[in-house]
Structures are given as structure tokens and as C-alpha cells.
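Here, each number is a calculation from the coordinates, and none is a lab measurement. Quantities reported herein were computed from a predicted structural model and do not represent experimental measurements. Here the Cβ is made from the backbone with ideal geometry for all residues, glycine too, and neighbour counts use every protein chain on show.
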Amino acid sequence: MKQTAHDGTQLRDILRAAIEEGEYPPCTALPSEAELAERYGMQESVRNALESLTNEGLLKRGSAKNYYVQSRKMERDLDKLQGFTQTMLDKNITPSFKIISRKIRNAGMKYSFMFGIKSDDPVFYIKRLCYADAEPVSLEEIFIPRYVVPKLDGIDMNVFSIYEVYQMYGIKTERAIETLDIVHLPQNDANILGIDPALPVMLFQSRTIDDQGRVIEFNRNHARGDKCNFSVRFQK
């Protein structure tokens, strides 16, 4: 039976629900515009709905006017203080990393103020590409004062997560202060993440504080909006 969608908004909601309920699995093609128009209604409504879902990141445009369902987005609960590795494992997703850069640098004015150390005190710097089920989802930079984990330069960060290292060294994280912004990556970083530099990404910046009140880590994470969802709960 033919269904009628009065506009692109109604059809967009119908298609979104069908995708979320698994009627159209990830990486499969949607029916053609003509088939969708036959089933749901007006041709113009179909085109508007497909464009809208593509902008949301649910669909990806292929060749010959085909639209494909994007793989599921990675969900992260911002109420939980945990790292990327544990977040992915909790969702039965396999995390992995590629180290882009790793070095020891001076804190400088910005990080000496942030960490409460001297400007020439050493800070570990790690830049890595984060994967979820082999898909690149974020580009992360981590700054940790050397005094917090003096042996960090000898630890394989492809094997151990930051939070596992903290646990092994008896460091108890208590809270984090996090901000969110929407930015564009420089060309080189966009290439590393595998996106067009014109595509905006979510920038999360957080300071992790331990049970002694020390700022022990600064994290700058550029996450792909087409691969990640984030949730937060507000309570009175």
C-alpha cells in the first residue's frame, strides 16, 4: 500500500526510524529515489529527506545517486569519568590506537599554570588516532606532567589505556572539567582522521583532577560528528 509523506520532514523521520530499527542495516543501500517515492509519496520529499539524513551523518551518498546507511555512531556518556578504551569495551566495540606523535616537552606558560608546575618542568605529550572497530573516530592529544607517572615514556600506550596506567600507579581520578566546541581541523589533521577539512568536528577539552585536587591530565579530542554521539544528563 502506498504511503504518503506530506513533506521531507515526515519522510525523514520515517526513514530515520527504519534505519535505527535495523530495517536498513549499516553499509547497505537504500531503495532508489523512485522506489522510495512510490512507497512514500512525492519525489521532492524523498530528495529532501535523503539530503537531510546525509547531513545528519546517517546516510552516505554513493555513485549513481545511491545512498548508503552509515555504520552506527559511537555513543559516549559524558556523565562517566572513563577513557576511550573502557567506553568502547562497555559497548562491545573493539578500540585501537595509532600513535602519531609522542615526546617529552617543557610545560611552557600555558601548561605550567594549568598543572601548577614550573614552565621548564617536563610534560608527556601523546597524539594518537583512536579507532572503533577499525574505523577512525577521533584524534586525541594528551598532556600529563612527568611527575604524575615518571615511567610513562616506557609504557606501550597501544597496550595499556591511560586509566589502566593511573590504576597501576595508584592514582585515583575524581572528576573532570570538560568543554565542547565545534571547529574545523587543519588540513594535515583532517587527512589523518580521514575527513574533508570542510567538515566540522566536535572538540572536547578536559582537565582530569585526582583525589588530591591535582590537575593530572589535559586532553584535547577532535571527534567525528558523523561517527560519534554524546549524551549528558542534567539533574536538579
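Between THR9 and GLU51, what length in nm is gained on full extension when 0.36 nm per residue of separation is reduced by their alpha carbon distance? Can you show the working numbers first?
Working: separation 42, 0.36 × 42 = 15.12 nm, distance 1.08 nm.
So the chain would gain 14.0 nm between THR9 and GLU51.
Separation between the ARG220 and TYR147 pseudo-spin-labels, each 7 Å from Cα along Cα→Cβ, expressed in nm?
With each label placed 7 Å out from Cα toward Cβ, I get 2.3 nm.
Among GLU33, GLU21, which comes first, then next, by fewest other beta-carbon atoms within 10 Å?
On the way: GLU33 16, GLU21 8.
Listed from fewest to most nearby Cβ atoms, that is GLU21, GLU33.
Taking the Cβ of ALA190 as the centre, find all other residues whose Cβ is under 12 Å away and add up their charges (Lys, Arg: +1; Asp, Glu: -1). Kindly include the intermediate steps, with their values, before the conclusion.
Values: positive: ARG224; negative: ASP189, ASP196.
Net charge in that neighbourhood comes out at -1.
What is the local net charge at ARG102, summed over the other residues whose Cβ is closer than 10 Å to its Cβ (Lys, Arg +1; Asp, Glu -1)? Provide the component values of the computation, followed by the final result.
On the way: positive: LYS103, LYS127, ARG128; negative: ASP153.
Taking every other residue near ARG102 into account, the sum is +2.
What FRET efficiency, computed as 1/(1 + (r/R0)^6) with R0 = 22 Å and r the Cβ-Cβ distance, is obtained for ARG16 and ASP196, rounded to the nearest 0.05?
Values: r = 23 Å, r/R0 = 1.07.
Using R0 = 22 Å, I get an efficiency of 0.40.
Would you pull out the residues with amide H under 5 Å of LEU185's amide H, same chain only if 5 or more places away, H placed 1.01 Å from N?
VAL201
Rounded to the nearest 0.05, what FRET efficiency is calculated for THR179 and PHE113 with R0 set to 25 Å and r the Cβ-Cβ distance?
Details: r = 17 Å, r/R0 = 0.66.
My answer for the efficiency is 0.90.
Provide the gained length on full extension for the span ILE99 to ASP210, in nm with one decimal, where the gain is 0.36 nm per separating residue minus the Cα-Cα distance.
Numbers: separation 111, 0.36 × 111 = 39.96 nm, distance 2.54 nm.
Here the segment from ILE99 to ASP210 would lengthen by 37.4 nm.
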